[in-house]
Every structure is written in C-alpha cells, then in structure tokens.
Amino acid sequence: MKKIIFPLIAVFIVTLSAFTLKTAQNWKIADGYSIKFTSDDPSGIFSDLKGTITFDEKNLSASKFDVTIDVNSINTGNGMQNNHAKSAQWFDAEKYPLIKFTSKTISKTSSGYEAQGILEMHGVQKEFTLPFSIEKSGNGLVFKSTFDANRNDWKIGEPGKKASDIMKMEISVPVTAS
C-alpha cells in the first residue's frame, strides 16, 4: 500500500505545481532616479517619480509599469521658466498635476524591451511605446530609456512658438526588490 501512496502523492504534487501561476517580481523605485528633458529651449528635470513596477524577464506577460511624475517637480534651472511651465499656458499643473504612464504589454526587442501603453499628459491620453533597457545593479536593476516626445501631441504650449516642439527624454530608474 505504501508503495502506491507515495508515488501517487509525488505525481499529485508535480501535477499541482504545473498549474501554479508564476507572477513577476515587484520592484520598488529607489533613490537616484533621473528624468531629464533636453531641447534647444527649454531643458530640465522632473524630480518626483512614484509608482509600481512589476517585471520579470522570463514572464513579460505578467510585467507592468504604472508610474506617475508630479508636474510641480519640474526644474529648468530658472524659477520664472518653472512657473511658466506649471502655468495654464503649458502643463497646467493645477488642473493636470500628474504625467502618467500605464503599460498594457511589455515585450522583448532586438535592442532591449518596449512597454506599450497609455501616456497621459495635460489631460491627453495617447498610445505610447516606451523603449527601455535593463542593467543589473547589485541586488536590483536600473531601467533606462531614451526617446523623443513632441509636446504638440499632448497640446502642451502653443505650436510653433519659441520653445522646441521635440523634447529628448532620458530616464534612469534604479529599483530594488520589494
């Protein structure tokens, strides 16, 4: 009898483990992140990033980004320019205080990864593909992304004015396992 029960229990455990859902790793955004934008005029940083990052290179279907940037954290190095950027003429931080990115899917590419999702700025939601790479750093990771964004796509400022339409974005986000 024992000869039959132990193999049956082993088969049951192996079968049950085959149906166990594998979830992706949750990551905490660590200090030292960087969100830079550059153009002919203006350039600067955003200094307040929050959100949740779930990522596993081996389980991309369970991976997800849901992050926000506080518009009021903009710093161009010029106080008057900061106030103008926060005003109704640009970001309208009072009405639209957050820039949000929520991924729908994350996939592997020949040069790294990309997250397809919705980028919302200035009350405008647009489908957006965020290219990124990953570097291992100690017990954590660093997500890096460089891309161009056209401010006119989100109705920020007036088209064709003094400020550049295209902003080059450089993002570096260190994370630790949570």
Checking 15, 68 in turn, the sole residue that is modelled with pLDDT under 85 and either of a type in the set (S, T, N, Q) or surrounded by 15 or more Cβ atoms within 10 Å (Cβ to Cβ) (or both) turns out to be 15
* To do: Evaluate the following for residue 55: is it among the aromatic types (Phe, Trp, Tyr), under 19 Å from residue 144 (Cβ atoms) and over 12 Å from the mean Cα position of the chain (by Cα)?
  => no
Going through segment 41-65 in order, the residues found to be touching an Asp or Glu at 6+ places or on another chain (Cβ under 8 Å), surrounded by 18 or more Cβ atoms within 10 Å (Cβ to Cβ) and small (Gly, Ala, Ser) are 63
Regarding segment 89-98, can at least one residue be identified that is free of Cβ contacts under 8 Å to residues at least 12 places away in the same chain, out of contact with any strand residue (DSSP E or B) (no Cβ under 8 Å at 6 or more places or on another chain) and either acidic (Asp, Glu) or closer than 18 Å to residue 127 by Cα (or both)?
yes
task: Could you please let me know if residue 162 is touching an Asp or Glu at 6+ places or on another chain (Cβ under 8 Å), free of Cβ contacts under 8 Å to residues at least 40 places away in the same chain, within 28 Å of residue 40 (Cα to Cα) and charged (D, E, K, R)?
output: no
Per the filter on segment 76-94, residues exposed (fewer than 14 other Cβ atoms within 10 Å of the Cβ), of a type outside the set (Asp, Glu) and farther than 20 Å from residue 159 by Cβ are 77, 78, 79, 80, 83
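The values are calculated or read from the model by the stated rules, or taken from the named source; none is laboratory data. The structure presented is a predicted model; accordingly, all values stated were derived computationally and were not measured. Neighbour counts run over all protein chains shown; Cβ positions are idealised from the backbone, glycine included.
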